[in-house]
Amino acid sequence: METSYNKMEIKFNGLYNVPQLANYNENDVLVLFGEVFEKGYATGLVQAAQRKNMRIIALTMGRRDEGNILRQLNIEEEEALQTLSGGEVVNIPLWAGFDNDAYNDLPTLSQICSDINAKNWKETKLDWDAIAKLKQAGRDSFNERVKKVMAILKEKIPTDANVVFAHLMAGGLPRVRVNLAVASNVVRGSGKRYTSSSEFWETDLGKLSYEGFYEVSAETFNVLLNESEEIRKRNTANSKQVSYIAFGYHGTEILINNKPQWQSYAPYLPGYAKIGLEKIAIQAQEKGIQASVFNCPEIETNSSAIFSGVELSLYPFIYSLQKIVDDTASHDIAKHVKLWNTEKASLIQDMLALSEEYHCSEVMQDRYAHFDSFPIDNTLDHMNTMIHFSESLAKKTREIDAELRSYLSALVVEATGEIMLNQSDNLGEPVYWLGHGIIAHMLSEMKKIAKS
């Protein structure tokens, strides 16, 4: 797929050294630009900021009422977000994108796409002039709401505070009924249900999806950088630091055959938008703005549940824990999930063996050899292989699978938040990759600090 971003410009830059502890304190502020959800990566940032006694200001996406109209959080929802984020809430909805709302006399996206169905989605052409107007209206609406938020933040954030803005926006698949079904077949289909991602991108529906992903996952970072300029200039003029960190995904390194190797989940549909996110960080640093994207490992989240096979890249994290943290890491894991007996410990080994077989297979190794091809398109052979191993693993380890996935994901989230917040004090590069190695090293350091 041709985009405005040249994929070859993004060079792999793994972060291997645990960053020094940042000297943030109770006078400094973490702004969560997006919304914190349970089991999401942002909870790790919240934990890290709380350990430093930082002040946390949480923003929200808002909610939709029965008529699909965007609204503020109600009292119960706001209290829940306060509890989850550990901070105060600015209750102005920052839902981004252009697929939910009606603007003046413009047709809605559902109306524009009303002729698309399961039989004709590959051939149907869309009205791109109408889509461009709708997209601009959505962007203008989002910008205005962000301006209101920044006016409030200007009053809330002291001029003598270091500020970390964390970009949490992700997703953006246009909510057109047929698109959800097609996208599901692209990321989960094998055999007769297989749908080619490369063919999907060539259709108007695929191009529309690219636009939706970009608006939410990438352009919102641009808006954040632009609209927070006054706060940034004010505080940096007062000898304070204002930095921007964002969650990306561009594949990560895991241990395969006992060696760190870059691998990527495929087909990762938001991948082009994540490249756009990286490009925005590169451009920001060229302007002297401290902004970085951190490409994080695969974990179990509410949003990753739509993808099949993500767990195949999570389970090898056990290898890194065993190799880097200490010799009893596997015992710690087993104790936590109440599995430490001969029978169930062997299930973990079976699980790791299946995951290793999958990553070492010829079809996957061939895909991992092409970093510059990210986001990697699917093939029938690849999808059959991934679904086969995912289903085989689920059958063999069903009784421990969910709890272990949740526990390992929580470890990754905790360490990632600590790494990103500390590295935000010294953003030397615009794009970083966080592999299983540095995650395990960070957990080891956190254990030492906790014991000291």
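The values are calculated or read from the model by the stated rules, or taken from the named source; none is laboratory data. Here the structure is a predicted model, which means the values were calculated and not measured. Note: areas computed on protein heavy atoms with side chains; ligands, DNA, RNA excluded. Shrake-Rupley method; radii C 1.70, N 1.55, O 1.52, S 1.80 Å.
Tabulated data
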item	result
Other-chain or far-sequence residues with amide H under 5 Å of TYR268's (modelled H)	ILE376
The chain - mean residue ellipticity at 222 nm from DSSP helices (-39,500 (n - 2.57) per run, n ≥ 4, rounded to 500)	-15000 deg cm²/dmol
Distribution of pairwise C-alpha distances over the range 240-312, 10 Å bins, in %	18, 41, 29, 12, 1
Antiparallel DSSP beta bridges within the chain, as percent of all bridges there, nearest 5	20 percent
Partners for LYS192 among aspartates and glutamates (Cα-Cα distance below 14 Å; same-chain residues under 8 apart left out)	ASP381
Apportionment of accessible area to carbon and sulfur, the chain, percent (1.4 Å)	47 percent
Interchain or long-range residues, amide H under 5 Å from ILE256's placed H	GLN261
The range 75-117 - Debye-derived log10 I(q)/I(0), Cα point model, q = 0.21, 0.27 Å⁻¹	-0.73, -0.95
Distance histogram in 5 Å bins (all Cα pairs of the range 155-231, percent per bin)	3, 13, 18, 17, 12, 10, 8, 7, 6, 5, 2, 1, 0
Heavy-atom surface of the chain, accessible at 1.4 Å and reported per residue (Å²)	44 Å²
The range 64-200, Cα convex hull volume normalised per residue, Å³	178 Å³
Compactness of the range 391-450 - radius of gyration and Dmax, Cα, Å	15.1, 45
Compactness index (Cα Rg / 2.2 N^0.38 Å), the chain	0.98
